[in-house]
Amino acid sequence: LQKIAADSGVVFIVDEVQTGGGGTGDMWAHSHWNLDSPPDIVTFSKKLITGGYFYKEHLRVKEGYRIYNTWMGDPTKLFLLQKVVEVVKRDDLINKT
């Protein structure tokens with residue numbers, strides 16, 4: 001699918017809302033797929049307490065606030081996410097799934 005998307009000029013998006021956060025034996029389910037490169041966009045939520053997304057640099061908008069969501073500007077959500085990741089690593093939770 002990633003190659004088809006790239007060949008067609010389409011952004012390859014992986015929705016990790018249900019699967020992200022270690023439930024598949026890795027932090028991200030797409031880590032098991034042997035992709036040639038990371039997805040263009042990865043969305044996450046649920047187990048990671050807050051919703052968000054990662055994206056490749058070529059998708060970064062030049063003007064601020066072109067992409068907006070209800071979590072933007074709330075640094076407490078980043079603190080919670082940081083603590084979730086810290087506990088997952090500290091307690092080796094991914095290897096215990």
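Which shape class applies to the stretch 2-96: rounded if a/c is under 1.5, otherwise prolate when a/b exceeds b/c and oblate if not, where a ≥ b ≥ c are the square roots of the Cα gyration tensor eigenvalues? Walk me through the numbers on the way to the answer.
Working: a/c = 2.62, a/b = 1.16, b/c = 2.26.
Oblate, because a/c is 1.5 or more while a/b does not exceed b/c.
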**Asked** Hey, in the GNM for the chain with a 10 angstrom Cα cutoff, which one of V61, V17, V85 fluctuates hardest?
**Response** V61
**Request:** Among DSSP beta bridges lying fully in the chain, give the percent that are antiparallel, nearest 5.
**Result:** 50
**Item:** Karplus (6.51, -1.76, 1.60) ³J(HN,Hα), θ = phi - 60°, over the stretch 51-64, in Hz, Gly and Pro reported as x
**Value:** x, x, 7, 10, 8, 6, 4, 5, 9, 5, 7, 7, 9, x
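Calculate for the chain the 222 nm mean residue ellipticity that helices alone would give, adding -39,500 (n - 2.57) per DSSP H run of length 4 or more and normalising by residue count, nearest 500 deg cm²/dmol.
-7000 deg cm²/dmol
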**Complete:** Longest the chain segment clear of trypsin sites (Lys or Arg not before Pro) sitting in DSSP loops (not H, G, I, E or B) with at most 12 other Cβ atoms within 10 Å runs 1-59
**Asked** Tell me, what HN-Hα J-couplings in whole Hz come from the Karplus equation 6.51 cos²θ - 1.76 cosθ + 1.60 at θ = phi - 60° for each residue of the stretch 83-97, using x for Gly and Pro?
**Response** 5, 4, 4, 4, 5, 4, 6, 4, 8, 6, 5, 5, 6, 9, 7
**Prompt:** What's the exposure ranking of D15, D91, going from fewest to most Cβ atoms within 10 Å?
**Reply:** D91, D15
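Read-outs: derived from the displayed coordinates by stated rules, not from any lab. Predicted model, so just to flag it, every value in this text is computed and none were measured. When we count neighbours, we look across all protein chains shown, and the Cβ atoms used for this are built from the backbone with ideal geometry, even at glycine.
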